[in-house]
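Have a look at the structure below, then the notes.
What follows is calculated from the coordinates using simple rules that are stated; it is not laboratory data. Computed from a prediction, not measured in an experiment: that's the story for all the values here. Note that we place each Cβ from the backbone using ideal geometry, even for glycine, and neighbour counts take in every protein chain shown.
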Amino acid sequence: HIFGSAYCAARYLRQALPPGAAAYVLGSPALAAELEAVGVPHLGPGPAALPGPTPADWAQAPLDPAVRAVLVGFDEHFSYAKLCQALRYLMRGGPDCLLVGTNRDNRLPLEGGTAIPGTGCLVKAVETAAQREAFIIGKPNRYMFDCVVSEFNIDPARTIMVGDRLDTDILMGNSCGLTTLLTLTGVSTLDEVKGHQESNCPTRQSLVPDYYVDSIADLLPALGD
């Protein structure tokens with residue numbers, strides 16, 4: 001079973017929004033599909049253009065009266081036009097308009113040592129414009145683990161969290177009382193682990209995994225047993 005941040009975000013909005021309320025989505029068609037699957041109305045996915053040549057035009061674009069949440073995910077069509085609309089929905093609704101982000105991953109690593117900006121960059125842009133903090137669905141927030149627990153009989157003492165990021169995967173695992181294992185084929189390095197481990201800072205020590213492996217493939221023999 002796979003619990004992604006898009007699925008969990010849709011589940012969260014289904015529970016948090018009143019019946020008939022919609023979400024303005026800065027995200028992909030896949031994120032929109034998760035909302036549709038749980039019956040949350042939405043608008044916003046896909047390219048968007050500014051409604052006119054001047055800031056006065058941008059501030060007067062029509063707003064859907066049903067929107068009660070702004071949901072930010074990975075959006076290859078993220079633009080100033082979308083940022084304007086997101087801000088206007090949040091300003092119109094005030095605290096009653098939810099601001100939700102799927103995750104705070106700042107970069108997505110690619111083969112060859114390169115990377116592209118992650119969803120966290122887009123979430124930060126909306127937070128900066130709105131001058132408020134988003135509720136983050138994904139790691140290290142424990143909401144995703146709570147989603148799993150609500151559907152399966154999970155014993156934290158017999159559960160291991162495997163991941164390649166200290167500040168998301170390992171932090172969530174440690175905060176949820178899970179055994180944690182870092183794989184070194186992704187973002188975080190063993191030098192970072194050692195630095196956190198040798199510090200006297202409780203916050204940094206919460207990023208230290210119980211175990212590490214060079215590659216996820218190192219787990220295959222154990223899984224076979």
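Mind sorting H1, H42, H77 by how few other Cβ atoms lie within 10 Å of their own Cβ, fewest first?
H1, H77, H42
With a point put 7 Å past each Cα toward its Cβ, work out how far D64 is from T159 in nm, to one decimal.
Placing both labels 7 Å along Cα→Cβ, they lie 3.3 nm apart.
Give me the percent of DSSP beta bridges within the chain that run antiparallel, rounded to the nearest 5.
15 percent
Would you mind counting up the charge near S28? Only other residues with Cβ under 14 Å from its Cβ, with Lys and Arg at +1 and Asp and Glu at -1.
Local net charge: -3.
Just rank I170, I216, fewest to most, by other beta-carbon atoms within 10 angstrom.
Lowest to highest Cβ neighbour count: I216, I170.
Could you pull out every one of the lysines with an alpha carbon less than 23 Å from that of K82, ignoring same-chain neighbours closer than 8 positions?
K124
Tell me, how many Å apart are the Cα centres for segment 21-49 and for segment 80-141?
15 Å
Using amide H atoms built 1.01 Å from N in the peptide plane, name the residues 5+ places from L98, or on other chains, whose amide H lies under 5 Å from its own.
Placed amide hydrogens put A69, V70 under 5 Å from L98.
What distance in nm lies between label points placed 7 Å from Cα along the C-beta direction at T189 and L43?
The modelled label-to-label distance comes out at 4.8 nm.
For n ≥ 4 DSSP H runs only, could you compute -39500 (n - 2.57) per run for the chain, divide by its residues and tell me the 222 nm figure to the nearest 500?
-10000 deg cm²/dmol
Evaluate E = 1/(1 + (r/R0)^6) for D218 and C147, where r is the Cβ-Cβ distance and R0 equals 25 Å; express this FRET efficiency to the nearest 0.05.
Result of the calculation: an efficiency of 0.35.
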